[in-house]
Amino acid sequence: MRISAFFPAYNEGMNIVPLAEKTSKVLAGLCEDYEVTIVNDGSKDNTAEVSAELAKRDSHVKVINHPKNMGYGEAVKTGMNNAKFEWVFFTDGDSQFDVSEIKELTALTGKYDLINGYRIKRADPFNRKLNAFMWGTMVKMLFGFKVKDVDCAFKLIKKEIIVKAQIESQGALVCTELLAKAAKMGYKIGEVGVHHYPRKAGTQTGAKLKVIIKAFVELFKLYGKIKKWGKS
């Protein structure tokens, strides 16, 4: 098995190096070959610098720098589109997941084409949990696929799904589009529970009002596109 792992990162200078180091160590004991990519989304802190230093020490680590902050969806697309191996794993750069649990996902690759993690107990403030519940309920009603945690940033995906799906979303809808198109194409989607931990450093940005509004605008645009795309 060969895995391309990546992390979208915005101002995660205190989190990204330990995360990438641990991921490299886990994959070294799990894979025939692997790569670990840090997608620095125009960070204003030292994310670029500490990531570059790590890449010098570990030949499996590489860094892609966006010249300016382009948003979560664009960072995820950059990571997916630059992955070179047949399986692609990603999680967020905030270290709220234990990357050693990648093993729980790889154990299911013989049965599924996309393995979606779901947070056993979400370690976020109440408002984020409420937003996620309402968002997930609406998304599943619109697109008809059934997963417990649509936006859980702990996924293992066949690269061929990414190539065929041609993800267009620029914001928070990127995971929804990926799952919706994978389901439309008939790929098998599996789920596994993973642990979620409180953020230790840095600041969350996903709950900002402008991010939420943009996500809802994108959602209804995507709904129309998916209906047409499914018939093409």
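The values are calculated or read from the model by the stated rules, or taken from the named source; none is laboratory data. Just so it is clear, the structure is predicted and the values come from calculations on it, not from any experiment. Methodologically, a virtual Cβ is constructed for each residue, glycine included, from the backbone with ideal geometry; neighbour enumeration extends over all protein chains shown.
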Residues within region 65-80 that are in contact with a Gly (Cβ under 7 Å, 6 or more places away or on another chain), among the small types (Gly, Ala, Ser) and part of a helix (DSSP H, G or I), tallied
1
One residue is enough: does region 162-179 have a residue meeting the conditions at pLDDT 95 or above, touching a Phe, Trp or Tyr at 6+ places or on another chain (Cβ under 6 Å) and either in a loop (DSSP other than H, G, I, E, B) or not polar (S, T, N, Q) (or both)?
no
Sort through Asp98, Asp41, Asp92 and tell me the only one that's without any contact (Cβ under 8 Å) to a residue 60 or more places away in the chain and either farther than 30 Å from Leu219 by Cα or surrounded by 15 or more Cβ atoms within 10 Å (Cβ to Cβ) (or both).
Asp41
Would you please list the contacts, defined by Cβ atoms under 7 Å and residues six or more apart or on different chains, that run from a residue in region 22-37 that is surrounded by 14 or more Cβ atoms within 10 Å (Cβ to Cβ) to a residue that is among the basic types (Lys, Arg)?
Leu30/Lys103; Cys31/Arg2; Tyr34/Arg2; Glu35/Lys62; Glu35/Lys84; Thr37/Lys62
Given the conditions (1) part of a loop (DSSP other than H, G, I, E, B); (2) among the hydrophobic types (A, V, I, L, M, F, W, C); (3) free of Cβ contacts under 8 Å to residues at least 24 places away in the same chain, report the number of the one that Met14 does not fulfil.
(3)
